[in-house]
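Report on one structure; see the data block that follows.
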Amino acid sequence: MKSAVKLFLSPSGRMARIPFIIGIACFTGFVFAQKYVLANTGTGIANFLLGFVLFFLNLHIIMAVFGKRLHDLGRSFWPLIGLFALMAIMFLVLILNYGGIEYFDTVMAHPEYAGNEEAMQKVLKTYQDRLAQGLPRANWIMAALPALFILWLALVPGQAGKNRYG
């Protein structure tokens with residue numbers, strides 16, 4: 001139990017490849033369990049608060065597990081922060097690519113939409129349809145970024161001996 005707490009909640013130290021892979025597998029199972037629980041417990045305030053707490057717990061676990069693996073490679077947390085930034089940028093690019101540009105262009109270029117609820121609903125429906133068509137591809141792209149990062153961390157051997165992280 002003590003080693004599990006250290007694995008998932010302590011960002012200090014180093015982690016070899018095998019414990020990293022085990023940690024990622026356990027974390028993935030934990031995320032799927034969260035998804036199941038949150039999908040089947042309704043939409044009340046308790047579910048909202050549970051989701052809020054789990055978001056920050058997941059972020060901390062990611063920082064702990066990935067951080068220790070990065071430390072074993074002799075690196076700081078910056079590659080992980082770079083992954084988060086790249087995913088945020090990719091998210092915006094995908095939204096704009098799958099109808100976002102046309103939606104904002106239509107709304108901004110035509111001020112008559114501001115007071116016309118029916119016209120706005122039509123523009124919004126067109127955007128949602130285009131976004132739904134691109135969503136499968138966007139999901140693959142957004143999943144590929146962390147998958148490649150995990151693959152890199154799982155395959156690259158750690159530094160032999162001591163480094164500045166332990």
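Things worth noting here:
- Candidate lysines - alpha carbon under 17 Å from K6, same-chain residues fewer than 8 apart omitted: K68
- Compactness of segment 11-125 - radius of gyration and Dmax, Cα, Å: 20.7, 60
- Listed by number, the DSSP H helices of the chain that run 24 Å or longer by alpha-carbon position along their axis and have mean Kyte hydropathy of at least 1.6 are 78-95.
- Separation between Cα centres of segment 121-141 and segment 62-88, rounded to whole Å: 31
- Amide H contacts of G74: Q159, each under 5 Å away and 5 or more positions distant or on a separate chain (H built 1.01 Å from N in the peptide plane; Pro and chain starts excluded).
- Neighbours of R130 by Cβ distance under 15 Å: Lys/Arg scored +1, Asp/Glu scored -1, total 0.
- Counted charge near G99, where neighbours are those whose Cβ lies closer than 12 Å (Asp, Glu -1; Lys, Arg +1): -1
- Within the chain, helix-based [θ] at 222 nm, where runs of 4 or more DSSP H residues each add -39,500 (n - 2.57), nearest 500: -26000 deg cm²/dmol
Any read-out appearing in this document is the output of simple, stated calculations on the displayed coordinates, not a laboratory observation. Note that the structure is predicted; figures quoted are calculated from it, not measured. Cβ sites come from the backbone with ideal geometry, for glycine too, and all protein chains shown count toward neighbours.
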